[in-house]
Amino acid sequence: MHKSLRIAAATAACALAGGVLYGAGAATAGQSTANSTHEPYNIGLLVKDIDTYYGTTADSDGVYQASPASPYAKDLARIDAAARRYIAKAARKAHHHGEKPAVVFDIDDTLLLSLDYEKRYNYTYNPTTWSDYVNRADRPAVFGSPELVRYAESKGVEVFYNSGLSEAQRAGAVENLKKVGVDINLDTGHMFLKDKANPPAYLSDCAAPGAWNCTTVQYKAGTREHIEDDLGYDVIANFGDQYSDLDGGHADRTYKLPNPTYFVS
Ligand SMILES: [Mg+2]
């Protein structure tokens, strides 16, 4: 995630009313913009709502876990079911036309759940504690996501990862994904992480060595453009928990996964 632009739920979650449905796969009333024209939702109640939504409980190690029976899990299951139907159909069609279909997954809170970090730090963000957390490589999977990744691969669809994690977090991300059963294409040719020191040439519109100026959308959409235009794939579906994962085109369909805990612009 983009450090400086990350807004925690504590400040951004005021606009539950007036939220707009967004993205083909949206199953929840997510919101893509702030709304400060009315008294914000009470933050104490909001934290309770978030706990209820995830079915949050502390396990025997004191780690906060989401419940597989929670509304969150049910929303994910609906999105997954729709995505599977679509992937099967789109893959068949692409192969029939001699095209190379691909799917793109964000990592944080799309494949690996950060709920324990968010709750532990009261939905705030600190780059040092965040990096420690990511590098422990012990996050649980977002429910259903390892199965969805494997399903796409089973349909002959190339799996790519498009994440705001940094190169310094690559080893931790790979280890964690393997641990939760996402063991497909975890190589540098398929897992795109943010390399601010040495950005790839295809991001030259907004980044040069030592001078990174890409927004999240520029970075993520630019990476999808590379997958399509340079690598020759058709991105049939793009999965993310942030609107900034999905905006900017270069995907036939977008799936917005629920995440009420922070906002990345
Ligand atoms: Mg994410």
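Values in this text are rule-based calculations from the coordinates and carry no lab data. These numbers were taken from a predicted model, which means no experiment stands behind them. As a convention, Cβ positions derive from the backbone with ideal geometry for all residues, glycine included, and neighbour counts pool all protein chains shown.
Some values worked out for this structure:
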{"read-out": "Mean Kyte hydropathy of -0.5 or more with a Cα span along the axis of at least 20 Å, helices from DSSP in the chain", "value": "none"}
{"read-out": "Residues Leu186, Leu45, Leu113, Leu203 arranged by fewest to most Cβ contacts within 10 Å", "value": "Leu45, Leu186, Leu203, Leu113"}
{"read-out": "Alpha-carbon centroid distance for the pair segment 82-102 / segment 42-69, whole angstrom", "value": "37"}
{"read-out": "Cα-centre dipole for segment 68-260 with unit charges at Cβ (Lys and Arg positive, Asp and Glu negative), debye to 20", "value": "640"}
{"read-out": "Helix-derived mean residue ellipticity, 222 nm - over the chain, DSSP H n ≥ 4, -39500 (n - 2.57), to 500", "value": "-10000 deg cm²/dmol"}
{"read-out": "Selection from Thr215, Tyr202, Tyr151, by position along the positive dipole direction of segment 68-260 (Cβ)", "value": "Tyr151"}
{"read-out": "Residue of Thr216, Thr128, Thr188 that the Gaussian network model of the chain assigns the largest fluctuation, springs spanning Cα pairs under 10 Å", "value": "Thr128"}
{"read-out": "Relative contact order (%) - criterion: Cα under 8 Å, at least six apart; region: segment 68-260", "value": "26"}
{"read-out": "Long-range HN-HN contacts of Phe263 with modeled amide H, under 5 Å", "value": "Ile7, Ala8, Ala9"}
{"read-out": "Residues Arg84, Arg139, Arg92 arranged by fewest to most Cβ contacts within 10 Å", "value": "Arg92, Arg84, Arg139"}
